[in-house]
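Below is one structure, written out as C-alpha cells; comments come after it.
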Amino acid sequence: MCGIVGAMALGKLAERQEKLRQESMIFLTTELLQLTQARGTDATGTSILFNDGNFMGLKMGISSPEFISRFGGSKTDFEGFLKIWRENEHPVKTYLGHCRKTSVGSAINNANNHPIKIGNIVGVHNGTLTNHDVIFEKLKCKRDGDVDSEAIIRMLHFYTKKGSDPFTVEMLKEVCLRLQGTYSVIAYNADNPNQVATFRDGKPAVVALIRPLSLLLASSEESYIKQVLFRYNKHSKLYLSKIKFPILKKDDVDIKVMADDTCAVFNLENKVEKDTDVMDLFESEKIPRLSKIWKKGTTYNKNNNYNRNFNNNNVNKAADKTTKYEEKTTKDKENESAGNKHGTKGKVWNKDLKEFKNIYPAEEEKAKKIKSVEIDSDGKLKHIDSNEIEEPKTVQVEPETVQVTDEGIILNKVNGLIGSLAKIHDNPVDYEEDTEVITVVNPSTGETGKTEKRPTGTTVEVNTNVNPVAMEAATKAASMQPKFENDDEVLEELEIDDSTKLEDLQLFALTNRISKVMFKKGYYKGFVRGQNITDKMDRAENNIKALKTIVKIFVKTLQNTSYNDGWKKDYIKKASEGEREITVDEIQRIFSAGDIRDNAELKYLKDECTKK
C-alpha cells in the first residue's frame, strides 16, 4: 500500500492571486504529504512542474515527516526544494507527491522510489503490477530500477513518442490494457504542462476542487483532504502570517472520488467559475474490461475486441482496387531456399468473399514481410520483381490481425502491440528511429502521392474483420453531405444560440461538441433505418417459415404415394434438372437435422447435392 498526492493549478491568475495560490499549494501539499505517511513510510518523494515546462524533484528512502524536516536550504533537502519553488519566475502548474510502502524493489535504491522520471514524463503509482517483467520485455527498453511502477511510466513515455505527443484518453486506454494488477496513477508530461493524466483500477483516487484558489488537490483518501482543508482554515484563522489564506467555506470545495476502472486527462487551461464541478475539468472513459494484452504467463490475445475499434480508416486505404505495397525484406533468399517461391505471407481483401484472406497458405510459424506486389480488380496478384501473374489463392485460416502503416503498407505482425488514435509507434523506447522512404500510390486514380520519410516499423494494427467496401461507401456518403454556407447554419447545427460562446470554446471542447452532434444525428438515422430493416427481416423470416411448411406438406404427400423409393428418387432427380442449384448448406440452414433424418426424400435431396 502506498499513498499518492497531487495538486493542479487551473487557468491563469493575476500576479497577486497567483502568489497566494502558490503559497497555498505549498501549505496544502506539504500537510497532505505528511498525513499520507499512514499509507507508507519506506520512502517519500515530490516533484513540481513549472508552467514553462521546467520541472524538478526530490525523493529519499525515509518517511514523510523525516523528509519534510530535512532543512538546510540546498537542492538535496526539502527546504531547498521549496526555496526553488518560491524563487522561480514561473509558477508551478502540477505537484506530485508519494509515500511508499515497498512491495517490489528496495527503497534503499532511490531509482525504485517515486516520483519516477522517464524522459520528460514523471508519475506516481499506488498499487502492484504482476506483469512488469513482461512489459519491459515487450518494450525492449532499459530498466533503471527494480520497482514495478517504472513499467507504467515507461509505457507513458513510449506511447507519447518520448513525450512529443500529448496525453489522450485513447492512449491511456492502450496503456491500461497492458497493465495486470492494481494501480492508481497520476502523471505529467513536461512537454505538455497543461495536462495531467490519471487512471485507476482497484486503488483509490480522490480529487477536490478548491474554487477560490482555482486549484485541484488529489489524494489516496478523502479523509486526508478534509483534514488538510481544516488545517488550512485553522492556520488562516488562528495564526499570524505574512500571507493571509482565504477562509474556505463548504460550498467553495467540491470533492469527488474518481470512478474505478477509469482513465482521465485533466486540462489545466480550464477556468474555474463559481459553479464549476470537478467533472467539468477532465475528459474520461472507462477502461475496457478485456483480457490483458501483455498478461503474465498467458498467450497474448490477437483478437482482442479492443483492436476492432482502432484506426479503421486505414482499412479503406488498404483495400482499394489496385494497391501497391512496397516493403523491404532481408530474408528473400532464405525464404526461396526454404521452398516458398515468393517467400511471402500476408493478407489481401477478397472482394468476392467480402473478407481478408491469406495470399499464401500459413505454412510457416512466423509471418514474413510482404514483397512488392500489385493486386488488380480481379484479384490477380502480380509480383513486381518477376512480373509473374498468378490467380488469387484463398485459404481457410483463423481470424487474426495484420499491421498496416498510415499509407496502407502491410507489415509483419508485432505480437501484442496495437495502434491507437495517439499515433503509437512500435519502436523501442530510448532507441533512435530508422527511417525509410515510402511512395504512396492512389489506386483509384493512379496518381502518385508525395514521397516522404517515415520511421521504420511505424505501424497501426487493423482488424481484418472490418469490411473495406463498407468503409469506402461510408467515405463516399460523407463526401456527399451538404456543406454549410454561413455561420448561422453552423450555430444551428451545433445548437449554439450565440456566436460569442463558440469563440470562447477551446479546440478540444469545440471538437467534442461537433462529434456529439454528428454522432447523435448518425445514430438517429441508423436507429430508424435499423427498425425498418428489422421489420423487413421479420417479414422475410415469416415468408421462409411459410415456404418451409409448404415444402414439408408436398414432401409428406410424396411419401404417401404408392410409388416405390426408386421411382421417387428418380423423379426428384429429374425434377431438379434445369432448376437453380441447391447446396447442402442451404438445405441444412432451412431444415433441421431432425427434419432430414425423419424424411427420406429430404435426405436423398441432400445426398444428391453432396455428389455435385
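Residues that are within 21 Å of Lys203 (Cα to Cα) and either assigned to a strand (DSSP E or B) or under 37 Å from the mean Cα position of the chain (by Cα) (or both) do not occur anywhere in region 48-56.
Going by what's in this entry, would Ile108 be described as surrounded by 18 or more Cβ atoms within 10 Å (Cβ to Cβ), on the phi < 0 side of the Ramachandran plot and touching a residue at least 12 places away in the same chain (Cβ under 8 Å)? It is false that Ile108 is surrounded by 18 or more Cβ atoms within 10 Å (Cβ to Cβ), on the phi < 0 side of the Ramachandran plot and touching a residue at least 12 places away in the same chain (Cβ under 8 Å).
Residues in region 237-266 that are modelled with pLDDT under 90 and of a type in the set (Ser, Thr, Tyr): Tyr239, Ser241.
Sub-6 Å Cβ pairs linking a first residue in region 187-199 that is assigned by TED's automatic domain parsing to the domain that holds Ala7 and in contact (Cβ under 8 Å) with a residue 60 or more places away in the chain to a second residue that is part of a loop (DSSP other than H, G, I, E, B) and among the aromatic types (Phe, Trp, Tyr), at least 6 apart or interchain, are Gln195/Phe167; Ala197/Phe167, ordered by first then second residue.
So Thr30 fits all but one of (1) more than 29 Å from Cys141 (Cβ to Cβ); (2) crowded, with 18+ Cβ neighbours inside 10 Å; (3) of a type in the set (S, T, N, Q); (4) under 33 Å from the mean Cα position of the chain (by Cα); what number is the exception? Here Thr30 meets the rest and fails (4). Annotation note: of Asp504, Asp535, the sole residue that is of a type outside the set (A, V, I, L, M, F, W, C), under 24 Å from Glu269 (Cα atoms) and modelled with pLDDT under 75 is Asp504. Among the residues of region 475-506, those identified as in a helix (DSSP H, G or I) and either touching a Cys at 6+ places or on another chain (Cβ under 7 Å) or surrounded by 13 or more Cβ atoms within 10 Å (Cβ to Cβ) (or both) are Val490, Leu491, Glu493, Leu502. Do we have Ser220 as under 28 Å from the mean Cα position of the chain (by Cα) and at pLDDT 95 or above here? The answer is yes for Ser220. Filtering region 136-166 to residues that are surrounded by 18 or more Cβ atoms within 10 Å (Cβ to Cβ) and hydroxyl-bearing (Ser, Thr, Tyr) leaves Ser149, Tyr159, Thr160. Taking the conditions exactly as written (part of a helix (DSSP H, G or I), in the same structural domain as Tyr224 (by TED's automatic domain parsing) and surrounded by fewer than 18 Cβ atoms within 10 Å (Cβ to Cβ)), does Gln17 satisfy them or not? Yes. Condition check for Pro65 on (1) closer than 22 Å to Glu221 by Cβ; (2) touching a Ser or Thr at 6+ places or on another chain (Cβ under 6 Å): one failure, at (2). Apart from one condition, Arg100 fits all of (1) more than 18 Å from Leu33 (Cα to Cα); (2) touching a residue at least 60 places away in the same chain (Cβ under 8 Å); (3) crowded, with 22+ Cβ neighbours inside 10 Å; the exception is (1).
The values are calculated or read from the model by the stated rules, or taken from the named source; none is laboratory data. As the structure is a computational prediction, the values presented were derived from the model and not from experiment. All Cβ positions, glycine included, derive from the backbone under ideal geometry; neighbour counts span all protein chains shown.
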